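Asker: There's a structure below that I have some questions on.
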Amino acid sequence: MPKSKERVRLNKCQREAEGYLELGLPGLALRALARLGEPEHFAPSTLYLWGESLRAMERYDEAIPALERSAEAEPENVHIWLALGWCYKRTGRLPRAVAALRSALNADPSEAILHYNLACYLSLAGDKDSALVHLSQALATDPHYRTLVDGEPDFDPLRSDPDFQALVGIIV
């Protein structure tokens, strides 16, 4: 197939997969991407969509290799690191989840969601001081995250800590 037709087919399948993901239909996204061949031959952006689809289906172990390859090729893409951290956490690899979020923050330290999720992971890891630093940064960047703290079980290890209570008790 000529390169231009192949590029059009690739773009169509990716757009279709993105649409299915937005609609909460990750199985259909995988099916659309599978028309492109085997994932080991995918470009980084397609690998990311493959990994995101698997992550959305809670197939975290399967998502990790695709997301790792995608992150290696596109280290500035915070969405890949965020998805990778999500999968690592849910497969019991908390140190790797922390490392993934730190990589994301190296790419873009202004993203509140990265600070918030890193604070969650650090709380679970027992690193109170770093967790509070990142939670503070998340709340300063986007006060909306304050509404999530009470319902976030990842902060349970810190909930009775006076420093945590003082941080989340501040009225903005």
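The values are calculated or read from the model by the stated rules, or taken from the named source; none is laboratory data. What you are looking at is a predicted structure, and each value in this text was computed from that prediction instead of being measured. Glycine also receives a Cβ, built like all others from the backbone with ideal geometry; neighbour counts cover every protein chain displayed. We work out accessible area using only protein heavy atoms, side chains counted, and drop any ligands, DNA or RNA first. Shrake-Rupley method; radii C 1.70, N 1.55, O 1.52, S 1.80 Å.
Asker: Can you give me the Kirkwood hydrodynamic radius for the chain, using every pair of distinct Cα atoms, in Å to one decimal?
Answerer: Numbers: mean 1/r = 0.0582 Å⁻¹.
That comes to 17.2 Å for the chain.
Asker: So, one more: Against the empirical 2.2 N^0.38 Å scaling, what ratio does the C-alpha Rg of the range 39-127 come to?
Answerer: So the Cα radius of gyration is 1.01 times the expected 2.2 N^0.38 Å.
Asker: Just check the range 75-172 against the gyration tensor rule for me: Cα atoms, a ≥ b ≥ c as the square roots of the eigenvalues, rounded for a/c under 1.5, and otherwise prolate or oblate depending on whether a/b exceeds b/c.
Answerer: Taking the square roots of the gyration eigenvalues as a ≥ b ≥ c, the range 75-172 is oblate.
Asker: Can I ask one more? Within the set of other residues whose C-beta is less than 9 Å from the C-beta of residue 97, count the net charge using Lys and Arg as +1 and Asp and Glu as -1.
Answerer: Net of charged neighbours comes to +4.
Asker: Averaging sequence separations of C-alpha pairs under 8 Å and six or more residues apart, then dividing by the length of the range 1-128, give the relative contact order as a whole percent.
Answerer: Reported relative contact order: 15 percent.
Asker: Same structure, new question: Per residue of the range 29-39, in order, report the coupling 6.51 cos²θ - 1.76 cosθ + 1.60 (Karplus, θ = phi - 60°) as ³J(HN,Hα) in whole Hz, putting x for Gly and Pro.
Answerer: Once rounded to whole Hz, the list reads 5, 4, 4, 5, 5, 4, 5, 8, x, 7, x.
Asker: Could you check the simple spin-label distance between residue 5 and residue 43, using points 7 Å along Cα→Cβ, in nm with one decimal?
Answerer: About 1.8 nm, to one decimal.
Asker: To make sure I understand the rule: partners must be lysines, Cα under 19 Å from the Cα of residue 89, and not fewer than 8 residues away in the same chain. Which ones qualify?
Answerer: Those lysines meeting the cut-off are 128.
Asker: Can you compute 3J(HN,Hα) from phi for each residue in the range 43-51, using the Karplus curve 6.51 cos²θ - 1.76 cosθ + 1.60 with θ = phi - 60°, rounded to whole Hz and x for Gly and Pro?
Answerer: 6, x, 5, 6, 4, 4, 4, 4, x
Asker: I'd like the accessible area for residue 170: 1.4 Å probe, protein heavy atoms, all chains in place, Å² to the nearest 10.
Answerer: 90
Asker: Return the single residue from 133, 78, 98 with maximal mean-square fluctuation; model: Gaussian network over the chain, springs between Cα atoms under 10 Å.
Answerer: Comparing 133, 78, 98 in the GNM, the peak value goes to 133.
Asker: How much length, in nm to one decimal, is gained on full extension between residue 144 and residue 170, taken as 0.36 nm per residue of separation minus their Cα-Cα distance?
Answerer: Fully extending the segment from residue 144 to residue 170 adds 8.0 nm.
Asker: Starting from the range 39-139, pick out the GluC sites (Glu not before Pro) whose DSSP state is loop and whose Cβ has at most 14 other Cβ atoms within 10 Å.
Answerer: Passing sites in the range 39-139 are 58, 76.
Asker: Taking the Cβ of residue 149 as the center, what net charge do the other residues with Cβ under 12 Å away carry, scoring Lys and Arg +1 and Asp and Glu -1?
Answerer: So the environment of residue 149 carries a net charge of -2.
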